[in-house]
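Visitor: Dumping the structure here so I can ask a few things about it.
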Amino acid sequence: MPLRTPTHPDFFENFLINRTEQTVNTAFLWLLILKELSKQALTPTQLRKQISRKHHNPHRATLYTSITLLKTMKLIEQTSNTPQKLLQISPKGKLILDRATKHIKANLAIILSGE
């Protein structure tokens, strides 16, 4: 019986693990984008290079989709309409980044405490 079928005993466990990993990776990428743009305005290419140095090399399409979503949510903004298209964090993005950072630190402390 293949693992991908719902009748396999480990199907739901593996599905849950995979879904959790995908969700955490996506949220982590969004927070990395906000963190990098809180330091300085960057082009999407510069942003990708910065993130690649610290975490992983996100696929170009994933990064651009994330940038579009963060722009739509008004967490980041384009600084000018010049060909360079610099991105920067918005005031709302700074607030979200601060809240998320505090939330993650508090919850990771609980998880890592071993209690």
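The values are calculated or read from the model by the stated rules, or taken from the named source; none is laboratory data. Given the structure is predicted, the values throughout are model-derived calculations rather than measurements. Neighbour counts run over all protein chains shown; Cβ positions are idealised from the backbone, glycine included.
Visitor: Go through (1) among the aliphatic types (A, V, I, L, M); (2) more than 15 Å from the chain's Cα centre (by Cα); (3) modelled with pLDDT of 90 or more one by one and return the number of the condition A100 breaks.
Guide: All conditions pass for A100, except number (2).
Visitor: Sort out which residues of segment 28-65 are small (G, A, S) and exposed (fewer than 13 other Cβ atoms within 10 Å of the Cβ), and write them in order of number.
Guide: Within segment 28-65, S52, A61 qualify.
Visitor: So which residues in segment 64-115 are among the aliphatic types (A, V, I, L, M) and more than 13 Å from S38 (Cα to Cα), if there are any at all?
Guide: I67, L69, L70, M73, A100, I104, A106, L108, A109, I110, I111, L112
Visitor: Can L32 be described as assigned to a helix (DSSP H, G or I) and in contact with a helix residue (DSSP H, G or I) (Cβ under 6 Å, 6 or more places away or on another chain)?
Guide: So L32 fits the description; yes.
Visitor: Now for a different question. Inside segment 55-88, can you point out the residues that are in a helix (DSSP H, G or I) and farther than 11 Å from L29 by Cβ?
Guide: Selection gives R60, A61, Y64, T68, K71, T72.
Visitor: Among the residues of segment 35-52, what is the count of those that are under 25 Å from K102 (Cβ atoms) and part of a helix (DSSP H, G or I)?
Guide: Qualifying residue count for the region: 8.
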